[in-house]
Amino acid sequence: MKTVIETKDLVRKFGEAETQVTALSHVSTSIKEGEFTAIIGPSGSGKTTLLQLIGGLDEPDGGDVLLSGTNIANMSGKQLSDFRRDHIGFIFQSYNLIPVLSAEENIEYIMLLQGVSAAERKARVREMLALVGLEGLGDRRPAQLSGGQQQRVAVARAMASKPDIILADEPTANLDSTTGIALLDTMRDLNAQLNMTFVFSTHDQKIMDRADRLIHLEDGVIQLDETRQS
Amino acid sequence: MLTLKLAYRNILRQRRRSLLTAFSMAGGYMLFVFSMSLLEGSWSNVVDIFTLDHTGHIQIHKDDYAKRAKIHKTIEDPKAIESTLKNHAAVTGWAPRVYSAALAYGGSKTAPAKIFGIDPTLEPTVTRILKKVSEGEYFSSQPNPDGYFPAMIGRGLANTLKLGVGDEIVLISSGADGSIANDIFSITAIIGNTTSFDRLGVFLPISAAQEFLAMGGDVHEYALLARNKHDNEQLAADLQKLLPGLTVSPWQQIEATFYRTMQSDKQGNYFTMALIVFIVFIGVLNTVLMSVLERTREFGVLKSIGCRPSELIKLIFIETVMLASISITAGLALILPVIIWFTEVGIKLDISVDMGGVVFDTMKGEFSAYVIFMPMGFMLLTAALISLPPGLRAARILPRVALGSH
């Protein structure tokens, strides 16, 4: 399997002088295509920062991020936007759907950015809603959906662009445990069906149990990288 | 379509704020249009006053007669010119004229006078001379039973020489051939008032004037009216090509000082109006900035899913221009009846104004595409420009920072 994510000596610091905090310190790791990887660790361990750097949402103070062999540090703002649009899907802790768009429109919007035709967009929206089990709820606005349903829409949105990698930052943190586990199972199924690479952060034991691989972060340093039998 | 839908729904998010902003823009547009209508209407009235009083929209002369008038600078082949003017679709009226200075005698008094030789039939197709007859009757080309040609004299000259309708006036001048010209004319009418430009004028039938001044059939000037007064400069250029041996001048050249004054005044007023729009748009900028600040997190999300910075600029641009368009449309619907009324009926002035014998007692506006669409275009352009700083802010923000905002 080819390596789709590689970080080399990744350093990220926040603040200045005496108040400076090192969020990540020389983090090097690689993730292969189709892996279902959890980044775990306590709050403030650097999980979100690592995901943001991998997704090109933040700029490192040192080191490199290579996605499918491409160093994203060398990309312009527009190139990075296009790369994220075509290769990376994001799922956020607080869903982050566009409140004025319906579930269908939230999923469709990313495809609009990709220049997908209207007919294909509609077809893929239906397909994605079916994949996450939300048929019939496509015309609802986020405020008319439960937290679990919103996060399913977010998963569908992340997958609609057919990305290589899905990055999820504590996707179950705002959900009750049953809903959270159900969502993870959905993600796991999609990972198995579509061979997409999933990387998600969590500090929930029940959630991390579903991962193939666990990367333990503490104080911005990888303490343990553990591959498990599924 | 989805982008337009998103922009529209974003406008409706904060309905009260959007409504207040729309009121402000609609009000600004209405004020702008009304001011433009008033400004253009007022100046248009003033231009009509002097173009229809005497100047016409275009004048044709020999060489530089308009600047340095000499009796011998005459148009020698009037028939050819008249044929050109008669056949030109954009010319609605034309009239030949001759001019000369003279010494006028009335009883025992003398006064300097200016002779206007006009065609009694054609002149009213260009000017409002019929309306300027304040006493007596408009003349014809025919001499009276005593053999004297008729004359109409300005009110100033009539007062100075103490002459009235039915009296005789003696004119002495020099002919084009160098001879001494003198003759008696019978006064049929008094023209204008003591403020008229022609208050010291003596109007003669052109044939009588040509004979008096020994000019044969030559004329000094053709004044003409354009079908569309706003196109007079283009028409003058067209006529210049058709009449290469003559000088064709639009009124803007004939009355160059006035024209420059008018343009300066207009520019001053445009500046004031632009200032009003600017003040209105400071409020709009505030609204758009607020809207962008409130949605910083969403912009972070949009950037995360692959929205290019330029697409965020476009989204904010569409929202701002859409709000401006809705406001302007509402403003147009409200101001249109007012402008039509202002143009057709106008505001009655408490004190009427006498402009050279023509009385104006109503202030009217102008209803034209320029008055409606110039403010519209200016406001939409301003809205587009106003959207840029918030758009650039949204485009430049780092997704991590945007996602961390609340």
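Measuring nothing but how far apart in sequence close Cα pairs (under 8 Å, 6+ apart) lie, relative to its length, chain A scores a relative contact order of 29 percent. Mean per-residue shielding of peptide A:104-113 is 3, counting Cβ atoms of other chains within 10 Å of each Cβ. In the stretch B:257-334, the convex hull through the Cα atoms has an average projected area of 7.6 nm², a quarter of its surface area. Label positions at residue B:84 and residue A:177, each projected 7 Å from the Cα along the C-beta direction, are separated by 10.1 nm. Shape class of the stretch A:48-93 from the Cα gyration tensor (axes a ≥ b ≥ c, square roots of the eigenvalues): oblate, since a/c reaches 1.5 or more and a/b does not exceed b/c.
Each of B:114, B:303, B:79 was scored by other Cβ atoms within 10 Å of its Cβ. Listed from fewest to most, they are B:79, B:114, B:303. Sequence neighbours fewer than 8 away in the same chain don't count; with that in mind, list the aspartates and glutamates whose C-alpha is under 16 Å from residue B:67. Within the straight-line limit of under 16 Å, residue B:67 reaches these aspartates and glutamates: B:221, B:255.
Summary of packing: across the peptides A:218-228, A:100-110, B:145-155, the per-residue average of other C-beta atoms within 10 Å ranks them, highest first, as A:100-110, B:145-155, A:218-228. With the gyration tensor restricted to C-alpha atoms of chain B, the semi-axes of the equivalent ellipsoid amount to 63, 22, 15 Å, longest first. Shielding of peptide B:122-128 by partners, expressed as the average count of other chain Cβ atoms within 10 Å per residue Cβ, is 0.
Treating each Cα of the stretch B:34-110 as an identical point scatterer and ignoring solvent, apply the Debye formula and state log10 I(q)/I(0) at q = 0.20 Å⁻¹. Log-scaled intensity ratios, in q order: -1.01. Note on chain A: Cα Rg divided by 2.2 N^0.38 Å, N the number of residues, gives 1.00.
Listed values for the stretch A:114-129 are Karplus-derived 3J(HN,Hα) couplings in whole Hz (6.51 cos²θ - 1.76 cosθ + 1.60, θ = phi - 60°), namely 7, x, 6, 5, 4, 5, 5, 4, 4, 5, 5, 4, 4, 5, 5, 5, and x replaces Gly and Pro.
Peptides B:385-397, B:318-330, ordered by how many other C-beta atoms sit within 10 Å of their residues on average, highest first, read B:318-330, B:385-397. Between helix B:256-294 and chain B there is an angle of about 10 degrees, using the helix long axis and the longest principal axis of the Cα atoms.
Counting Cβ atoms of other protein chains within 10 Å of each residue's Cβ and taking the mean over peptide B:394-404 gives 4. In percent, rounded to a whole number, the relative contact order of the stretch B:70-219 is 30, using alpha-carbon pairs under 8 Å and six or more apart. The shape of the stretch A:133-210 comes out oblate: with a ≥ b ≥ c from the C-alpha gyration tensor, a/c is at least 1.5 while a/b does not beat b/c. The distance between label points at residue B:242 and residue B:310 comes to 5.1 nm (points 7 Å beyond Cα on the Cα→Cβ vector). Shape summary of the stretch B:70-219, radius of gyration then Dmax from alpha carbon positions: 15.1, 50 Å. The coefficient of translational diffusion for the protein assembly as shown, derived via Stokes-Einstein from the alpha carbon Kirkwood radius under 4 °C and 1.567 mPa s, stands at 41 µm²/s.
Once backbone amide H atoms are built at 1.01 Å from N, residue B:183 has B:171 as its partners under 5 Å, excluding neighbours fewer than 5 places away on the same chain. With N counted as the residues of the stretch B:1-133, its alpha-carbon radius of gyration over 2.2 N^0.38 Å works out to 1.95. For the stretch B:87-102 versus the stretch A:94-147, the inter-centroid distance based on Cα atoms is 74 Å. Relative contact order, whole percent, for the stretch B:265-396 stands at 40, derived from Cα pairs under 8 Å and 6 or more residues apart. For the stretch B:163-258, applying the loop criterion from DSSP together with a ceiling of 15 other beta carbons within 10 Å to the trypsin sites (Lys or Arg not before Pro) yields B:227.
Distance between the pseudo-spin-label points of residue A:11 and residue B:195 (7 Å out from Cα toward the beta carbon): 8.5 nm.
Determine the shape class of the stretch B:163-258: with a ≥ b ≥ c the square roots of the Cα gyration tensor eigenvalues, call it rounded for a/c under 1.5, and otherwise prolate if a/b is greater than b/c, oblate otherwise. Here the stretch B:163-258 falls in the oblate category.
Annotation: aspartates and glutamates with alpha-carbon distance below 18 angstrom to residue B:5 (same-chain offsets under eight excluded): A:104, A:105, A:108, A:139, B:298, B:311, B:319.
Bear in mind that the values in this text are calculations on the coordinates, not laboratory data. These numbers come from a predicted model, not from an experiment. Heads up, the Cβs are rebuilt from the backbone with ideal geometry, glycines too, and the neighbour counts pull from every protein chain shown.
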